[in-house]
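Asks: Here you go, one structure.
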Amino acid sequence: MRRIGQTVRWWMDGAPGRQERKKYLRLYEQGEFEEAALALRDALTAAPTDPELMLQVANLSRFGLLPLEDALPLLRNVISKAPPALARQALIHLFNLLWERKGAETAMAWFPHLVRESEKSPRLLLRAAALANEAGHTAEAFDLLARVGRSDPSALTSMGYLDLILAASDAGVAELPQAPRARALAAHLARFEGRFADLVAGAAGDVAVVANGPSLQGLGLGSTIDSHPLVVRFNNHGSAPGSVDLGERTDIWFRPTEFTHVPMREAPAPQLIALTGCNIRNRYSNGLDVLEPYVQASLPVELVPTQLYKRLFAALDASPSAGLIGLAWTQDEIGRKLSPGQVFGYSLGHNTSAVSHYYGKRHTGSWPSRHNWQAEQAFFQSLMSEVISA
């Protein structure tokens, strides 16, 4: 009844923002995501007290279409004033954003709201426990594990937060059957910690960083790329035996943990697989499951440092692409800006929130990209010793 009353009052007030919302939906369906985001923000200007609209606008920050600092007050407003179900959605979105972008300590400010007695979701309580564990609040984390264990033991014994599993097992606070798997995984990761830095140092900084954009097409630079002692590539790269434009070798392969969009490749295996994903050991609820196949296949893997992600989020106000992550990490290890002779295939200026361009093809998404390509292009240029076409 309350919802019906709100709707009636909205119509009686002239349905503020209705035309802007219709424009947003039309533009979104056409794939014009940046323009759609502007229309949605116009709708909120017309109806500034609508909590559902506030939450919808705040969600744009996930895709780099709204600055984080603009999203945070909207979410806090919804949490404090909206009906419980909507407030809970905003709370979850807020703490996930803060944990990813600002770190565990910042997100802990919302920890008491996450773990209220009224919260019954084992999934959310375990996520709060993983957050507390990373922030160093282990007592609170272990209390939540006990709480979940009493209400839903199966949720506790199937969770995949790697570092939370290890902490609870080492402290003896929970009987977790997945703990031996977690220890084996942690030991495997420890074997290759620092491998990226060692490989870059072993090449004396003579590294070719090769992205997947169309700028290499027809240039015949494959042999030039392969002449570098170390070659870094990303995701579904097109290098293959006999490739005149792209080259053949891959020494370091940046890729996501999952295999859905970036399948594993046949031999020859790279010297290192660098796994992208912000704070995999702590934030990934399925961390154990997605990392374990690399252990089972005895693959050399290293996780992208969380601190690098934090720096890139601050610079871009959006999720960084694998290509930019690899370029920034390489520069960090070399200790100087990269020359145009080391960097290939970056075509960031051609991409939009809807369309990404690759060697020999383009991809049009049905939802907006999580990357802010304009910000990425500017950051890319800041990493180079001289401005080059991107």
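The values are calculated or read from the model by the stated rules, or taken from the named source; none is laboratory data. Note that the coordinates shown come from a computational prediction; the quantities given were computed from them, not determined experimentally. All Cβ positions, even for glycine, are placed from backbone atoms using ideal geometry, and neighbour counts span all protein chains on display. Quick note on the areas: whole protein, heavy atoms, side chains included, nothing else; ligands and nucleic acids left out. Shrake-Rupley method; radii C 1.70, N 1.55, O 1.52, S 1.80 Å.
Asks: I'd like to know which of Asn212, Tyr161, Leu86 lies farthest towards the positive end of the charge dipole of the chain, counting +1 on Cβ of Lys and Arg and -1 on Cβ of Asp and Glu.
Replies: So the residue furthest toward the plus end is Leu86.
Asks: Just the number please: accessible area per residue for the range 178-273, 1.4 Å probe, all protein chains included, in Å².
Replies: Value returned for the range 178-273: 45 Å² of accessible area per residue.
Asks: Moving on to the next point. Taking a probe of 1.4 Å, how large is the accessible area per residue of the range 28-121, in Å²?
Replies: Per-residue value: 47 Å².
Asks: For the range 107-163, which whole percent of the accessible surface, found with a 1.4 angstrom probe, sits on carbon and sulfur atoms?
Replies: With neighbouring chains kept in place, the figure for the range 107-163 is 53 percent.
Asks: Let me ask you something else. Among Val244, Leu316, Met264, whose Cα sits farthest toward the positive end of the charge dipole of the range 243-390 (+1 at Cβ of Lys/Arg, -1 at Cβ of Asp/Glu, about the Cα centre)?
Replies: Leu316
Asks: Right, here's the next one. Run the accessible area of the range 260-390 with a 1.4 Å probe and give the carbon-and-sulfur part as a rounded percent.
Replies: Carbon-and-sulfur percentage of accessible area, whole number: 51.
Asks: Hey, if you put +1 on the Cβ of every Lys and Arg and -1 on every Asp and Glu Cβ in the range 147-288, which of Ala190, Phe254, Gly149 ends up farthest toward the positive end of that dipole?
Replies: Gly149
Asks: For the range 143-291, what class follows from the C-alpha gyration tensor (a ≥ b ≥ c being the square roots of its eigenvalues): rounded when a/c is under 1.5, otherwise prolate if a/b is larger than b/c, else oblate?
Replies: Cα axes put the range 143-291 in the prolate bin.
Asks: Another question, then. On average, how much accessible surface per residue is there in the range 281-385, in Å², for a 1.4 Å probe, leaving out ligands, DNA and RNA?
Replies: 42
Asks: Sort largest first and round to whole Å: the equivalent ellipsoid semi-axes of the chain, each the square root of five times a Cα gyration tensor eigenvalue.
Replies: 38, 31, 16
Asks: Is the range 304-390 best put as rounded, prolate or oblate by its Cα gyration tensor, with a ≥ b ≥ c the root eigenvalues, rounded for a/c under 1.5, and otherwise prolate when a/b is larger than b/c, oblate when not?
Replies: oblate
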